[in-house]
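Heads up: the structure comes next, in structure tokens.
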């Protein structure tokens, strides 16, 4: 896990001592420890070279096996780490090696690693030197150099660790040169001449070291030897590198020849600064967080620089990598004053192949002032000279447009005083010790600001909303935004709205995003050019996918490859930023890259291959949907179509949760795929998907999206003359229009579906339509018609043996009787439905019946039983992941809690129900939840909130022709406004409710309207009318058997005639 070093590991580390400045050694508790075999030593060395940082397992494998790891390398590497942990734990340093994100980290304490001690002492020495405390500086330098026992990790053979070892050795030599320079100023030339002879012999190409040796000899009175040292150095440089000594060494030679007094006191002036950065752009915008990440990777002020800081910036074409790197390098110029260098490695250039590391080194060396004749042949020799030239210099180097880690490794400085910024379209995951920074598109505000700054006039300011649309169409990609803004800037006659119209056409958009030699499509083409044939083919075919994202199974289906091949190819496309990976198992295109992929597919793939690829994808969706629905155990599976097998890999769903998770993730793609299939000639796929998904949609999804899906299915069936699937699509459209509260539309679709089902002889469908007509009619206030259709449905369901439908019809009959206030009959039918539901194991339907039964018990005052049933329904709804049933149970529970005075619990449940209703476009549930919330707010004196919610509810009821809901809301509005002191408005609402209750046969709301009118007339002083309405309310409540009757009996009698009688 990621995280800081634990106190425990720090305490343990104090008893450990690691040495890498020479042969590898580990000491603990005053004894030397043996880490194990050579492979164990290599892995430990890799961890120590990156101490306190996470080392990826891949790098440990490279260190242990170089370029030929076995198939089990990952497992073996982890075993090696376990072995090392046991060795280190034996000293009491528990948890010293901790698992990091994809790798391991070795945490060391202060003073526990000699390389860190070396850095600390060098930092102190340099501070002493700046303060002109030369003796103290030399003392610290010498203490630091004394830590070295030989070359870094001497005797360890691991090419993968060579760059880091070389960097440390370079650091040692640079410190030796600094120390020698200071000691010469102190007159210690005799001791130095004896010491430096061996160093010069070992490193004859290090010209500064040779020059210091020559000065030491000269100051010791050994001029001839000093001149001979120069001749020997010149001979080696010519023989090994084919170059003459550099200016500095030649200058020392000349001073010795002429007896120049300055040689006794050599100058410490810095080399000439080199500035080779491209210009920074004036309209640089945003990237604040990214700049902060780049700068935070650098050592803090006062901290020692332990290693060269390498930041690898990656991202898709046009994302602004070079712009960011150059901008950051300009900001770092003061921190790295000796050189700011830039080289374009041309990994993705239109007319040039990627430059070799050797060529890049030639460019960099010339930028440092090295004459061409002094630059040797060969990468290794040039790299050595490059590192030598940078020794002691504070430089920032921008390596732009890199092809990969292998190209940039030889270009990395060896001294920690340098920083490197690399840009690449490829993730440089194999570049050791690099700090990765992957760029994303700009946030909307930054994208808008960039567009506005590039335009430079008032058009963007005048049309801010249009500018937001432009940058959206540009995919928030900096290159696209710059090109679009540049085109607008050079066309005064255009407005932002005109530019939008040009960009809206997907087939033209990439063409519009080009100006001169800059264009988005051209940039994308360079990325595509360097793909393999298999990668290019998958890239093209993925562009055909109509949805927003896809997984490996879908990609395998499109390309007709194995899962392993699809996974490998897509990960490769992610690495080069031609695909995005928003989550571990999902992939998607940037919107402009998708357009590029579509364009390439149209050009390079034939019509037959494009259609075959999409057919495989639609087969996959159809087949996998069937698997998921089977695993989800939707009881109504007998109504679902059989599914043909898929020829491509399909996921396995081990349980309900996995199936629902897949459906939830793929739902937007399934709708898009079905719509596309309907429009482009895959009618059976549309029908199969629609007929298979309805149960999931009803319980989990937005009914607005459902209408889109089934409208497409309907049109497809009609276009192909498929009456069977036409009737099914009409039936489902009726269902989801009803859920949306569109009763009239539901009836129209049900009617057409029933006619077709009778014409085609589909009795199962006829029975289902009749059963679904019942609730549609009930919500329209036509309870008697609902009973007739339920009766027909029940008869037909029994004839064909459809037990699931029988359960539903019995419940439906109970709901009609509940609405009519015939509660005993309602309970009877609910219990029959519940018994049959449990007998046949219809677990999806059981919480529906429990919810309705709990609602009735809540109405007739059996609150304890109501709560038991409703909590059981809620638990079952959540266990089955049904948002429909969960919302219904929450709403019923909220109503019961409200009537029993548990107002906080009521509002909590009701607001949850309202959220679910709105998320699924379930207008029926939304209206009920709003009504109940308004009622609870009215009961607790929150009248403004109550009237707001009730107002929304009545608008919704009227807009959807939901007569029972309108009736209920009007009564609650009357009760609420009476509490606010407005009996006239209360009377009006209750009179309207009374009329509707009579029309639809709702006996409870009828009694409630009389109750409300009694109170309103009483408040108005209309005592005769108040008594009459009170009498009718009491009779109605008594007949219904509800507890409201007791409340009326408890009220004081209205005064008899003789008191003031107003006019109603």
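Matching residues to (1) under 30 Å from residue 998 (Cβ atoms); (2) surrounded by fewer than 20 Cβ atoms within 10 Å (Cβ to Cβ):
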{"residue": "798", "(1), (2)": "no, yes"}
{"residue": "807", "(1), (2)": "no, no"}
{"residue": "811", "(1), (2)": "yes, no"}
{"residue": "819", "(1), (2)": "yes, no"}
{"residue": "825", "(1), (2)": "yes, yes"}
{"residue": "828", "(1), (2)": "yes, yes"}
{"residue": "844", "(1), (2)": "no, no"}
{"residue": "852", "(1), (2)": "yes, no"}
Next item on the list: Among what's in the stretch 846-888 and is closer than 18 Å to residue 660 by Cβ and not in a helix (DSSP H, G or I), pick the residue that is nearest to the chain's Cα centre (by Cα).
Entry: 881
Notebook entry, point to check: How many residues are within 22 Å of residue 416 (Cα to Cα), in contact (Cβ under 8 Å) with a residue 60 or more places away in the chain, assigned to a helix (DSSP H, G or I) and in contact with a helix residue (DSSP H, G or I) (Cβ under 9 Å, 6 or more places away or on another chain) when one looks only at the stretch 323-366?
Noted result: 2
Margin query: Suppose we filter the stretch 1018-1044 for residues that are over 30 Å from residue 824 (Cβ atoms) and touching a helix residue (DSSP H, G or I) at 6+ places or on another chain (Cβ under 9 Å); how many remain?
Written below: 8
Margin query: Residue under question is residue 147, and the condition is that it be touching a helix residue (DSSP H, G or I) at 6+ places or on another chain (Cβ under 6 Å), assigned to a loop (DSSP other than H, G, I, E, B) and either surrounded by fewer than 19 Cβ atoms within 10 Å (Cβ to Cβ) or not assigned by TED's automatic domain parsing to the domain that holds residue 214 (or both); does it hold?
Written below: yes
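Quick grid of which residues meet (1) out of contact with any helix residue (DSSP H, G or I) (no Cβ under 6 Å at 6 or more places or on another chain); (2) closer than 23 Å to residue 314 by Cβ; (3) part of a helix (DSSP H, G or I); (4) modelled with pLDDT of 90 or more:
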position: 414; (1), (2), (3), (4): no, no, no, no
position: 420; (1), (2), (3), (4): yes, yes, no, yes
position: 436; (1), (2), (3), (4): yes, yes, no, yes
position: 457; (1), (2), (3), (4): yes, no, no, no
position: 466; (1), (2), (3), (4): no, no, yes, no
position: 475; (1), (2), (3), (4): no, yes, no, yes
position: 482; (1), (2), (3), (4): no, yes, yes, yes
position: 488; (1), (2), (3), (4): no, no, yes, no
position: 492; (1), (2), (3), (4): yes, no, no, no
Next item on the list: Taking residue 154 as the residue in question, decide whether it is in the same structural domain as residue 69 (by TED's automatic domain parsing) and either in contact with a strand residue (DSSP E or B) (Cβ under 8 Å, 6 or more places away or on another chain) or closer than 22 Å to residue 119 by Cα (or both).
Entry: yes
Note to self: Condition (residue is farther than 30 Å from residue 372 by Cβ, touching a strand residue (DSSP E or B) at 6+ places or on another chain (Cβ under 7 Å) and in contact (Cβ under 8 Å) with a residue 24 or more places away in the chain) applied to the stretch 404-424: is it met by at least one residue?
What the structure shows: no
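Results for (1) assigned to a helix (DSSP H, G or I); (2) surrounded by 15 or more Cβ atoms within 10 Å (Cβ to Cβ), shown as yes or no for each residue.
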| site | (1), (2) |
| --- | --- |
| 166 | yes, yes |
| 198 | yes, no |
| 210 | yes, yes |
| 213 | yes, yes |
| 225 | yes, yes |
| 244 | no, no |
| 249 | yes, yes |
| 252 | yes, yes |
Margin query: I need the helices (runs of 4 or more DSSP H) fully contained in the stretch 760-824, keeping only those with at least 3 residues that are more than 49 Å from the chain's Cα centre (by Cα), over 23 Å from residue 860 (Cα atoms) and in contact (Cβ under 8 Å) with a residue 24 or more places away in the chain.
Written below: 783-800
Next item on the list: Hey, could you check the stretch 741-750 for residues that are in contact with a helix residue (DSSP H, G or I) (Cβ under 6 Å, 6 or more places away or on another chain) and modelled with pLDDT of 90 or more and say which is farthest from residue 765 (Cα to Cα)?
Entry: 745
Note to self: When you check residue 535 against the structure, is it over 23 Å from the mean Cα position of the chain (by Cα), within 21 Å of residue 402 (Cβ to Cβ), in a helix (DSSP H, G or I) and at pLDDT 95 or above, yes or no?
What the structure shows: yes
Next item on the list: Inspect all residues belonging to the stretch 264-286 and state whether any of them is over 30 Å from residue 478 (Cα atoms), assigned to a loop (DSSP other than H, G, I, E, B) and modelled with pLDDT of 85 or more.
Entry: no
Checklist line | residue 483, sole failed condition from (1) surrounded by 15 or more Cβ atoms within 10 Å (Cβ to Cβ); (2) under 26 Å from the mean Cα position of the chain (by Cα) | finding: (2)
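The values are calculated or read from the model by the stated rules, or taken from the named source; none is laboratory data. Because the structure is a prediction, the values reported are computed rather than measured. Please note: Cβ atoms are built from the backbone with ideal geometry, for glycine as well, and neighbour counts cover all protein chains shown.
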